[in-house]
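All of the numbers you see were taken from the coordinates with simple rules; none came from a lab. What you are looking at is a predicted structure, and each value in this text was computed from that prediction instead of being measured. Backbone-built Cβ (ideal geometry, glycine too); neighbour counts: all protein chains shown.
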Amino acid sequence: MSDFWFYFKLGLEHVLDWQAYDHVLFIVVLCAAYTFNAWRRLLMLVTLFTIGHTLSLLLANYGVVQVSSWWIECLIPITIAVTALFNLFTAGKEKRAEKLGLLYIATVFFGLIHGFGFAKYFKMVSGDNDILHLLEFALGIEAAQIIVVIITLILGFIVQTLFRFNKRDWVLVISSIVIGLVIPMLLQNCFL
């Protein structure tokens, strides 16, 4: 049982690590366009991201796929920027639901990329190919992501209710802030 808590906590810390906040930025920008009313859809997106993340860890842990760390470190901020840009271009447009299938596929794909970014460290920590440890880690990731989602939804509710931001403005502001935070990551990871 202590192994469970070790890997669960490792998953929590992986997402909630403020020194490596890329995961948090992705989840924040992913859920910025949603409210508590859309919790099922949002939970589906977050879970799909976890599935993609876990699948890449599984593939890397068993040596099925190896990806250059430079590519992954470059692609991670790109996934965040693409998601934020999607929000900017679709904010306030009701036809967003039509693009939901594409959003689900992109979320899984982006989860794969983010998972490869942690694969080498996870393999070093786990030291074995025990799939149970990987699932325990995935549960920790999912729990941490749900924490980030709840905090983001609460902040969105407060800003939209107390400060009378409309939903479109909230999405535009959050997405723009995230883009501003991702630009230095892009420059550092892709061009320097």
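If you look for lysine pairs in the chain that are eight or more places apart or on different chains, how many of them have Cα atoms under 29 Å apart? Step by step, the pairs that qualify in the chain add up to 5. For the pair W5 and L43, label points projected 7 Å from Cα toward Cβ lie 2.7 nm apart.
Multiplying the residue separation of E13 and F191 by 0.36 nm and subtracting their alpha-carbon distance yields 61.3 nm. With the convex hull of the Cα atoms taken as the outline of the chain, the averaged projected area works out to 11.1 nm².
What FRET efficiency comes out for the pair A20/V82, r = Cβ-Cβ distance, R0 = 22 Å, nearest 0.05?
Working: r = 19 Å, r/R0 = 0.88.
E between A20 and V82, to the nearest 0.05, is 0.70.
With each label modelled as a point 7 angstrom along the Cα→C-beta vector, the I150-F89 pair spans 3.5 nm. So how tilted is helix 2-16 from the main axis of the chain? Cα-based, degrees 0 to 90, rounded to 10. The answer is roughly 40 degrees. Cβ distances below 4.7 Å define possible disulfide partners, and in the chain the cysteines left without one are C31.
Spin-label pair F109-I158: with each label point 7 Å from Cα along the Cα-Cβ axis, the two points sit 3.6 nm from one another. Compactness check for the stretch 87-192: Cα Rg over 2.2 N^0.38 Å is 1.36. Distance from the C-alpha centroid of the stretch 153-179 to that of the stretch 25-70: 23 Å, rounded to the whole angstrom.
Between N166 and E73, what is the FRET efficiency for a Förster distance of 30 Å, r being their Cβ-Cβ separation, to the nearest 0.05?
After rounding to 0.05, the efficiency reads 0.25.
Taken over the C-alpha atoms, the stretch 1-108 has Rg and Dmax values of 15.4, 48 angstrom.
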